[in-house]
Every structure is written in structure tokens, then in C-alpha cells.
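Please read the structure below before turning to the comments.
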């Protein structure tokens, strides 16, 4: 979004509509992470370590190539990339890989994860990501209303009104219907310079950290914040392949500690 260079950043930060939008963006991010990583807790997904590192690198390079092919303005992949995108969504059938599960390749201080969804599993994903977002934003609206409504302040009232207007349908944001109607392939990404691996594993996935990153890379029992900080990038590829709606999530994680 274009921003007027004359605008005062502090004024923008205090704008009620901007504050509300930023909270919605935050909750959408968390909802996506929860829906991607909750498979072990909710849908009997399994962690499958030991995935061939060279093959996983091929997947990583393919995702990076797709990312470079699209424009910054749109997550829709261009026509020359469609065959490559379809091929990635077809990996489970071609390489005898299970869908729903988390396929894991590890090196010291580095983890790559691939997860495919197909058919009904995609339906479950969209149901869950919406449920996570709705629970988070509705709970936040109520908390903010209780904290601010009594002030009868004009800025607070505008902020609460802006929050009340937020009713995102995440399937629309993910372009689900256009994907199915026009056979589009869509790639979006989410990046964090530092993600708390303990929160990701124990809270979102419901597994011990060592089960995901391996005993060699697991933090000590008395872990400091720096021990738990990992670089994180999630690729989310969606499309229709073989007349079936499919998704592929590829995750690259690397321990922030420079010793690796």
C-alpha cells in the first residue's frame, strides 16, 4: 500500500483504523501458523523425520523459483510457472508420500518440513484457519471493549468501531474460489527473523521440541530466549491438480545462534 511520505509515523500508529488492521493482520498470521502446524494434535498427522535432504533441497529450490516468478502485487503464479506448481502438488503421488503428515529433513541447527493436503484435508484446513482467526479476533474485541468503552473517548470509540467491522473470510483471502473456478496456482509466504521454537512445537504442534528439530539441535532445559529463537519461512502453495484441490506447505527453519 502506498504511504504518503509526508505522513507522520506516530500519527499513523495512532490512527484507529490502522491499529485495528494491524491486530487483524497479527491474528491472521497466528491463525495460519496454527492451522498449518496443529495436524498432530487435531488430525492424527505424524512427524516423519529422515526425509532425504537432497530431495528436500529440490523442493526448497522449486518453491524459491516459484516465489521469484510472481509479482510483488499478487500471489497468483504466472502461466510459465503453472506446470512447476502442479508438479509440486503432485509429489505425494509421484514420490509415494503421505498427505497430512509432516515430512522432516534435518541438519544441525536447520530443519526443513513439507506437508501436503488434498481433498477433504484442504476443507479441514480452511475450517480450522477461520476458527482460529474468529476465536482470536472476537476475544480481542471483547477485551478491548471492556478496557476502553468506559472512557467514552472519541479515539477509543473509533478504534472499537474499526475492530467491530473486521469479519475476514480467510478462504477469500487465500483465493480459494478463484483457484477452484479458474484453476489458478497461488503461492504466499510468511517470514519471521525469530520464531520461538518452543511455542511452535509444544503449543501449536503439541510435540517435544526434540521431536521436530532433533536431539542435537534441541535447546537445553534451562533455555534462554536466544536458545529458542529460530529463523522461520513458510511457503504456502495452493491449486488444483488432477481435478483435486491441494495444498503444499514448505517450511525452512534455522537456529538464529551463529554457532551453527
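Read the figures in this text as sums done on the coordinates, not as results from a lab. Since this is a predicted model, take the numbers as computed values, not measurements. Don't worry about glycine lacking a Cβ; one is built from the backbone with ideal geometry, like all the others, and counts go over all protein chains shown.
Would you work out the relative contact order for the stretch 96-239, in percent, from Cα pairs under 8 angstrom that are 6 or more residues apart?
Values: 124 pairs, mean separation 34.4, N = 144.
Relative contact order, the stretch 96-239: 24 percent.
Taking the Cβ-Cβ separation of residue 96 and residue 154 as r and a Förster radius of 51 Å, what is the calculated FRET efficiency to the nearest 0.05? If you can, show how the numbers build up before the last one.
Working: r = 62 Å, r/R0 = 1.22.
With a Förster radius of 51 Å, E is 0.25.
Note the angle between two axes, namely the Cα long axis of helix 154-164 and the longest principal axis of the Cα atoms of the chain, as a number of degrees from 0 to 90, rounded to the nearest 10.
That helix lies at roughly 40 degrees to the long axis.
Measure nothing but the geometry: give the 0 to 90° angle between the long axis through the Cα atoms of 53-69 and the longest principal axis through the Cα atoms of the chain, rounded to 10°.
Approximately 50 degrees, to the nearest ten.
Modelled label-to-label distance, residue 107 and residue 65, 7 Å Cα→beta-carbon offset: nm?
Taking the two extended label points, one gets 2.0 nm.
What distance in nm lies between label points placed 7 Å from Cα along the C-beta direction at residue 173 and residue 29?
In this crude label model, residue 173 to residue 29 measures out at 1.2 nm.
Just to be sure I understand: with springs between alpha-carbon atoms less than 10 Å apart, which residue in 150, 230, 116 has the highest mean-square fluctuation in the Gaussian network model of the chain?
Of the options given, 150 has the highest mean-square fluctuation.
Only Cα pairs under 8 Å and at least 6 apart count here; give the relative contact order of the chain as a rounded whole percent. It would help to have the intermediate numbers written out before the result.
Values: 366 pairs, mean separation 69.7, N = 260.
Dividing the mean separation by the residue count of the chain yields 27 percent.
Extension gain residue 135-residue 226, at 0.36 nm per residue separation less the Cα-Cα distance, in nm?
Numbers: separation 91, 0.36 × 91 = 32.76 nm, distance 3.01 nm.
Result: 29.7 nm gained on full extension.
At a Förster radius of 41 Å, what calculated FRET efficiency corresponds to the Cβ-Cβ distance of residue 211 and residue 21, to the nearest 0.05?
Numbers: r = 37 Å, r/R0 = 0.89.
In this case the efficiency is close to 0.65.
How many nm separate the modelled label positions at residue 180 and residue 127, each set 7 Å beyond the Cα in the direction of the Cβ?
1.4
What angle, in degrees between 0 and 90 and rounded to the nearest 10, separates the Cα long axis of helix 120-148 from the longest principal axis of the Cα atoms of the chain?
Approximately 30 degrees, to the nearest ten.
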